[in-house]
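Have a look at the structure below, then the notes.
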Amino acid sequence: MKGKVFILTVLIGASIFFHGCWNMMDLEKKTFIMMMGIDALPEGQQDKIKVTLTMPVPRQLVGAEGGGGPRPETPQQILQSTGNTVYGTIRQITNRLSRQLYFEHMTAIVIGEEAAKGGLDRFLDVFQRNKDFLRMAKLYICEGKAEDVLKMETEMEPLVVTYINQIVHFNSSRSLRAINYSIGKVITELHETNGNSLVMRIRPEKKEAVVAGSAVIKNWKLVGWLSDRETRGILWMLKEINRISVETSIELQTPQKGLVVLDLVNFTNKTKAKIQDGMPVFYINMRGEARIVEKEERIIKKEENLERYEKPIEQAITKEINNALQKVQDEYRVDVVNFGEHLRKYHPDYWETVKEKWDLMFPHVKVVLNVDVKIRRQGIFK
Amino acid sequence: MNDKITTPQTIVLIITTLIGVWITTLPATLAEKSGPDSWLMVIIGGGISVLGAAIVTSTGRQFPEKTFIEYSVETLGVFGHLFNLGLIIYLVILTGMVVRIFGEVIKVFLLDRTPIEVIILTMLALCVYLTRHGIEPIARTAEVLLPILMLPVIIIYLMIILFNGDLSNFMPFLRLDFKEIIAGTKATVVSFLGFEVLLLFIPLMQNPHQSTYSSFVAILMVSILYLFVVVTVIAVLGIVETSLLIWPGISVLRMTETAGTVFPRMDVVILSLWSIAGFTTISPMLFASAFGISRILKAREFKSFIVPLVPVAYMIAMFPKDVLEARKAVEAVSNMGLFYIFVVPLLILTAHWIRRRVLNR
């Protein structure tokens, strides 16, 4: 009995302390890639790409005084190489590295404007095929060159990747001006619509970046941009809005001179489609609440009639949506608002007849908007 | 300790045998074959599996003391020997394929530099260790491992569907033609394969008359779990993406965000459970093969047949050259399984009835 207990203890102890480390890899032998940028090369070498990776330099991140070598103290190091394919180029970078590349913490991928214009399909495959790449990483398309984003020297956060991902995190839920799509979501969207989607837009500046607006992908290629207001117009219509409580401000010209700023919360939308004369008409019903956050009016009233702002704000939202719709319908002619998907789901018979020519039909689709906003609060001041 | 299993143990044993490698691939097969109506196919497939289990167990209950090996010969004569041989071959091939798919997932997601041969052989060795001790330890292991397996799976997938699921992915509803229904149902029934071990296990039960009841409960539980997983995966990924992925059940865990901020990288949890799922599927099958052979040869002990089976199962496992070929092979083998569930027991029942009533024997 005693012997058995002893053996059992040894076995349990062994299984706790000696479990599978046989191909152990020291942490300092690995390079944690935080971010990847993909750029097209200039004229003459169009089919080649330039891949930029950033890795953090932990010593600089901690900010230890007295440390640091002769190099300027940036908390991140840039690795670059050119090649034909994404993974092939990464492998070339390893030729110059004393460490193993490790991608499971890469949370942002930036694709340059020129590269995106040539088509996303050739870059995205590597991220869906290999399990090393996180599908929840954010995908950005950059105005200009992707490497500028990666080489940016941010002041707010030590690492560029935390900086831009945090912008998205707050922007998508607070001001609703960026479309918070991870690379997995974009890939899913592209597969479902055969190459149409929106991707977050990023614009690098010297020390900061603007993450707002979106890039329009049509047939796997970048065809243009939507501004931040237009992106919000599209976002009102997408289903995503149902899930988060949206807080966004809207400026309003009131009958009396002066602007009023309102925060919108709890927005929900319901889309219905009806087929009239062979063409679908989309009825979008939106409801939401608003609260006043700023008023330029000089008149102070004892009893404010909040309802008088409701009509104008409804009109403002309708206008914003219509602007955005006009842009995607007339200018880009690409269905990024998932109307085709809606028809596929709820009008399957009709969809079978139109799915071949949907790209041509989409610009002529009518949308009837019905926005209903209730103003519930006016802050803590009359 | 008479090497017999109780009714609850039988239920648990069947559940763990059924929940195996298919749980990760079923959503892809279904999304590809029957689109938004996949969830319906799981229900229909579960129903058909219940029917199959009813056929298998009611045949077995006619001969509560005997296994398929004996009563097939008793009723069908020479053909019985053929069917017996076929059953053993089928079980060994299925064991090999299951262990291969198990190994593929481990290699792709966890141990990408370990040779797959090592993964497969370790798993087989572990199963040999367990199966040498007979049916009761296998059932007891299943009893211990089932909650460890089920609870995390349910909790993790529940979190994913609550935060990321979009049930409109199941629209349009009921737009399948007959062919697609057949294809989808077959895909589900295939993933329920494994309960044909009951052909051999009924005399090992303490109470063989409860075998039908046990298999019903087990298949019901497994259907619910499968339904839950299929609904989660398709609700999160959509039909198109699900059908494009090879292991959507695991990939879905790698791309969800909301739940991921609380517990990032939940795929690791599922992958460690994956070994349990594989282990509890492979062991009963290996045991069934060895036990069947011992009955064919009328040997007193089954233990000596387990180790010789390992190289055979290993060779079969290594035979397909890639994952897709392995999955095709599984589909081919599964036809044989359907044959042993629906056709052979009915043949035996008819022969048995004719012998008893017509020939008065």
Residues of chain A: accessible area per residue at 1.4 Å, in Å²? 52 Å²
Could you give the nm distance between label points at A:Asp132 and A:Gln326, where each point is 7 Å from its Cα heading toward the beta carbon? 4.9 nm
Please give the direction-averaged projected area of the C-alpha convex hull for region B:7-358, in square nanometres with one decimal. 17.3 nm²
With a 1.4 Å probe and all protein chains left in place, how much accessible area per residue does region B:181-301 have, in Å²? 31 Å²
5 angstrom amide H check on A:Ala290, placed H, neighbours 5+ away: A:Val265, A:Lys374, A:Ile375, A:Arg376, A:Arg377
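Could you compute the FRET efficiency for B:Phe339 and B:Ala299, with r as their C-beta to C-beta distance and R0 at 25 Å, rounded to 0.05?
According to the calculation, E is roughly 0.40.
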Which of the lysines could a cross-linker span from A:Lys295 if the Cα-Cα distance has to be under 25 Å and same-chain partners fewer than 8 positions apart are dropped? A:Lys257, A:Lys311, A:Lys319, A:Lys374, A:Lys382
Over region B:78-156 - Rg/Rh using Cα atoms and the Kirkwood inverse-distance radius: 1.07
Report the accessible surface area buried between chains B and A, summing both sides, using a 1.4 Å probe on protein heavy atoms only, in Å² rounded to the nearest 100. 2300 Å²
Using a Cα-Cα cut-off of under 24 Å, which lysines could be cross-linked to A:Lys50, ignoring same-chain neighbours fewer than 8 residues away? A:Lys30, A:Lys117, A:Lys131, A:Lys138, A:Lys145, A:Lys151, A:Lys206, A:Lys207, A:Lys218, A:Lys221
Evaluate Rg over Rh across region A:108-199, taking Cα atoms for both radii and Kirkwood's formula for Rh. 0.96
Per principal axis, descending, Cα span of region B:72-230 in whole Å: 54, 45, 30
About its Cα centre, how strong a charge dipole does region B:7-358 have in debye, to the nearest 20, once Lys and Arg get +1 and Asp and Glu get -1 at the Cβ? 880 debye
Residue by residue, what Karplus-based ³J(HN,Hα) values in Hz, rounded to whole numbers, does region B:266-281 have, using 6.51, -1.76 and 1.60 with θ = phi - 60° and x for Gly and Pro? 6, 4, 5, 4, 4, 5, 6, 6, 4, 4, 5, 4, x, 4, 6, 8
Which FRET efficiency, nearest 0.05, do A:Lys48 and A:Glu143 yield, Cβ-Cβ r, R0 30 Å? 0.90
Mind giving me the nanometre distance, one decimal, between the label points for A:Leu41 and A:Asp277, set 7 Å out from Cα along Cα→Cβ? 5.5 nm
Give me the distance between the Cα centres of region B:53-118 and region B:28-45, rounded to whole Å. 25 Å
Through the Karplus equation 6.51 cos²θ - 1.76 cosθ + 1.60, θ set to phi - 60°, convert the phi angles of region B:294-303 into ³J(HN,Hα) values in whole Hz; use x for Gly and Pro. 4, 6, 4, 7, 6, 7, 7, 10, 9, 4
Can you give the longest stretch of chain B with no exposed loop site, where a site means GluC sites (Glu not before Pro) in a DSSP loop (not H, G, I, E or B) with at most 12 other C-beta atoms within 10 Å? B:66-300
Which whole-Hz couplings ³J(HN,Hα) result when phi for each residue of region A:365-377 is put into the Karplus expression 6.51 cos²θ - 1.76 cosθ + 1.60, θ = phi - 60°, listed in order with x for Gly and Pro? 6, 8, 10, 10, 9, 9, 9, 10, 10, 10, 8, 9, 9
Cα-Cα pairs in region B:280-320 separated by more than 15 Å, as a whole percent of all pairs, come to 42 percent
Taking the Cβ-Cβ separation of B:Val118 and B:Leu347 as r and a Förster radius of 41 Å, what is the calculated FRET efficiency to the nearest 0.05? 0.45
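What number does region B:1-130 give for Rg over Rh if you use C-alpha atoms and the Kirkwood radius?
On the way: Rg = 18.4 Å, Rh = 18.0 Å.
With Rh from the inverse mean 1/r over Cα pairs, Rg/Rh is 1.02.
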Residues whose modelled amide H sits under 5 Å from the amide H of A:Ala273, counting only those 5 or more places away in sequence or on another chain, are A:Tyr283
Net charge around A:Lys221, counting only other residues with Cβ within less than 14 Å of its Cβ (Lys, Arg = +1; Asp, Glu = -1)? 0
Please enumerate, by chain and number, the lysines with C-alpha under 20 Å from the C-alpha of A:Lys345, excluding those fewer than 8 residues away in the same chain. A:Lys185, A:Lys239, A:Lys270, A:Lys272, A:Lys274, A:Lys355, A:Lys357, A:Lys366, B:Lys33
Within 10 Å of each Cβ in B:107-115, how many Cβ atoms from other chains are there, averaged over the peptide? 2
For A:Ser81, which sequence-distant residues (separation of 5 or more, or a different chain) have an amide H within less than 5 Å of its own amide H, given hydrogens modelled in the peptide plane? A:Val51
Quick check: convex hull of the Cα atoms in region A:279-382, volume per residue, rounded to a whole Å³? 116 Å³
Along the Cα-to-Cβ line of A:Asp26, 7 Å from the Cα, sits a label point; which residues in region A:84-117 have backbone N less than 13 Å from it? A:99-100
Is it possible to state the helix-based mean residue ellipticity at 222 nm for chain B, with each DSSP H run of 4+ residues giving -39500 (n - 2.57), the sum divided by total residues, to the nearest 500 deg cm²/dmol? What is it? -24000 deg cm²/dmol
Label model pair A:Asn305, B:His81: point-to-point distance (7 angstrom along the Cα→beta-carbon line) in nm is 10.1 nm
Treat region B:210-361 as a sphere of radius equal to its Kirkwood radius over Cα pairs and apply Stokes-Einstein at 4 °C in a medium of 1.567 mPa s; give the translational diffusion coefficient in µm²/s, rounded to a whole number. 66 µm²/s
Amide N of region A:194-231 lying under 12 Å from the label point, which is placed 7 angstrom from the Cα of A:Lys357 along Cα→Cβ: none
Expressed as a percent, the accessible surface of region B:7-358 that is carbon or sulfur, using a 1.4 Å probe and the full set of protein chains, is 72 percent
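Which values, in whole Å and largest first, are the semi-axes of the equivalent ellipsoid of the protein assembly as shown obtained as the square root of 5 times each eigenvalue of the Cα gyration tensor?
So the three semi-axes of the protein assembly as shown are 56, 33, 24 Å.
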Would you kindly work out the equivalent ellipsoid of chain A from its C-alpha gyration tensor and give its semi-axes, the square roots of five times the eigenvalues, largest first in whole Å? 44, 28, 25
Expressed as a whole number, the average count of other chain Cβ atoms within 10 Å around the Cβ atoms of B:170-176 is 3
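The values are calculated or read from the model by the stated rules, or taken from the named source; none is laboratory data. These numbers come from a predicted model, not from an experiment. When we count neighbours, we look across all protein chains shown, and the Cβ atoms used for this are built from the backbone with ideal geometry, even at glycine. What goes into the accessible areas is simple: the full protein's heavy atoms, side chains included, and nothing from ligands, DNA or RNA. Shrake-Rupley method; radii C 1.70, N 1.55, O 1.52, S 1.80 Å.
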